[in-house]
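Each remark here refers to the structure printed beneath this line.
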Amino acid sequence: MTEMVFGAAPARPSEPILTRWWRTVDRWTVGAVLALIVIGLVVGMAASAPLADKLNLPTFYFVARQAGFAVVALAVMVGISMQDPRTVRRLAVMGFCASFLVILALPAIGTDFGKGAVRWISLGGMSVQPSEFLKPAFVGTAAWIMAGTFERHGPPGKLLSFLLAATCTAVLALQPDFGQAALVMAVWGGMYFVAGASLPLLAGLAGAAVAVGSFAYENSEHFARRIDGFLAAEVDPRTQIGYATNAIQEGGIFGVGVGEGSVKNTLPDAHTDFIIAVAAEEYGLVACLMVIGLFLFITLRALSRLQDERDAFPRLAGTGMAVLVGMQAFVNLGVAIRLLPAKGMTLPFISYGGSSLIAAGVGMGLLLAMTRKRPQRSAVDALVGRG
């Protein structure tokens, strides 16, 4: 007998697609995403204005572009969230293959924009960072492979998904992009834990991560410089971390006032990786807690809704995406308060950037599709892999 998750009624075949979507989607999560985008645009007005003036562009040039990216991201998010799990799985696999091939071609067609890591493709007046799109696509692909473990006579999905994660991690580390590489492996670890983790294997992976980090420290000047800066007893006030730390301290609880902050004039990545420093200085701890609360809400609500999911793919894909959103936000915020070494990672939905915002829309569309109310297979069918 078919049962329903969260007590929803089955969707009627004749029901308009938008009506069905609105009735079955997690509207609280949609609202939280909209709130993050609005916060990003508001803070971006202050954070990006000095750069626009320096480049002789209209004051709100970057904000206008971000608003355009937001419209595209929301359209993509809604479009993907309307799909059934099977369609989402296919889209994820195709997206993964495309983004992975582009990343492999980056040494020949990519650029570093003077930052020492070839991560972008320059397309005239805009750039694309393929690794941003790789992450949500990886979640869907790894979940599909890992779900095979639960099918009768299925493949060794856990092992195969680990090999996929290890390959992605290695390719990203060679850019070098150690932050994204570590994030991919952490997301896989979260999915593996939900799939039924072997504690000895997890311990082995933790040991391997330490070994790889030690090797990178000894052989990568870029990696070693960031670790040394993180471990230094004193923060150099002329570095990005120094500027961000001072801005957070200056902001206090309620901030110095809208437009009154100074860190946006000195911090190179004030509108991207360190936008939370601008928010902290001008709007204070209250604004930062609001941002943290929204990310926690999205992550924990998704995990809560997935508890009753019986099909392996939606459960694993939704968990992976929830971990990805939460971990990326944690890393970005952790770097700003010097809890973690500098990573060069954006804050989802808030940092400026088309690749970051649209890719976040893709990922959130996947998450919403996995947490929508829909008919569930019976417990017996789920266990034996039928349907």
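Taking the three principal axes of the alpha carbon atoms in segment 258-328, the coordinate ranges are 51, 23, 12 Å, sorted in descending order.
One way to sum up the overall shape of segment 138-240 is the equivalent ellipsoid from its Cα gyration tensor, whose semi-axes run 33, 13, 12 Å, largest first. Sparse packing (at most 15 other Cβ atoms within 10 Å of the Cβ) combined with a DSSP loop state is found for the following GluC sites (Glu not before Pro) in segment 237-307: E260. So how far, in whole Å, is the C-alpha centre of segment 254-270 from the one of segment 325-343? Answer, in whole Å: 19. When the Cα positions of F150, F162, T371 are compared along the charge dipole of the chain, F150 comes out farthest toward the positive end, with charges on each C-beta of Lys, Arg, Asp and Glu. When you restrict to C-alpha pairs under 8 Å that are six or more residues apart and normalise by the size of segment 205-347, the relative contact order lands at 24 percent. Pairs from the table (K135/K264; K135/K158; K135/K373) lying more than 21 angstrom apart at Cα are K135/K264; K135/K373.
Angle of helix 130-147 to the longest C-alpha principal axis of the chain, folded into 0 to 90 degrees and rounded to 10: 20°. Summed over all non-identical Cα pairs, the Kirkwood treatment of segment 31-77 gives a radius of 11.1 Å. Partner aspartates and glutamates whose Cα lies under 19 Å from the Cα of K115, excluding those fewer than 8 positions away in the same chain, are identified as E132, D177, E221, D228, D269, D273.
Look at the dipole of segment 26-371 built from charges on Cβ: of A206, L347, T319, the Cα furthest out on the positive end belongs to T319. Each residue in S48, S220 was given a count of other beta-carbon atoms within 10 angstrom of its own, and listing them fewest first yields S220, S48. Report the charge-dipole magnitude of the chain in Debye, nearest 20, computed about the Cα centre from +1 at each Lys and Arg Cβ and -1 at each Asp and Glu Cβ. Dipole magnitude for the chain comes out near 1340 debye. Sorted into 10 angstrom bins from 0, the C-alpha pair distances of segment 26-371 split as 6, 25, 34, 26, 9, 1, 0 percent.
Using alpha carbons only, the radius of gyration of segment 251-387 set against its Kirkwood radius gives Rg/Rh = 1.11. Remark: M45, M345 ranked as M45, M345, counting other beta-carbon atoms within 10 Å and listing the fewest first. Each part gets one Cα centre, and for segment 58-80 versus segment 180-243 those centres are 32 Å apart. Across the options F254, A49, Q180, the greatest Cα extent toward the positive end of the charge dipole of segment 26-371 (unit charges at beta carbon of Lys, Arg, Asp, Glu) belongs to Q180. According to the square roots a ≥ b ≥ c of the eigenvalues of the Cα gyration tensor, what is the shape class of segment 27-135, taking rounded for a/c under 1.5, prolate for a/b larger than b/c otherwise, and oblate for the remainder? Since a/c reaches 1.5 but b/c is at least a/b, the shape of segment 27-135 is classed as oblate. As a proxy for reagent exposure, ranking K343, K264 by other Cβ atoms within 10 Å from fewest up yields K343, K264. I need to check one value: relative contact order of the chain, counting alpha carbon pairs closer than 8 Å and at least 6 residues apart, in percent. Taking the mean separation of contacting Cα pairs over the length of the chain, I get 29 percent.
A short reminder: the numbers here are calculations on the coordinates, not readings from a lab. What you are looking at is a predicted structure, and each value in this text was computed from that prediction instead of being measured. Please note: Cβ atoms are built from the backbone with ideal geometry, for glycine as well, and neighbour counts cover all protein chains shown.
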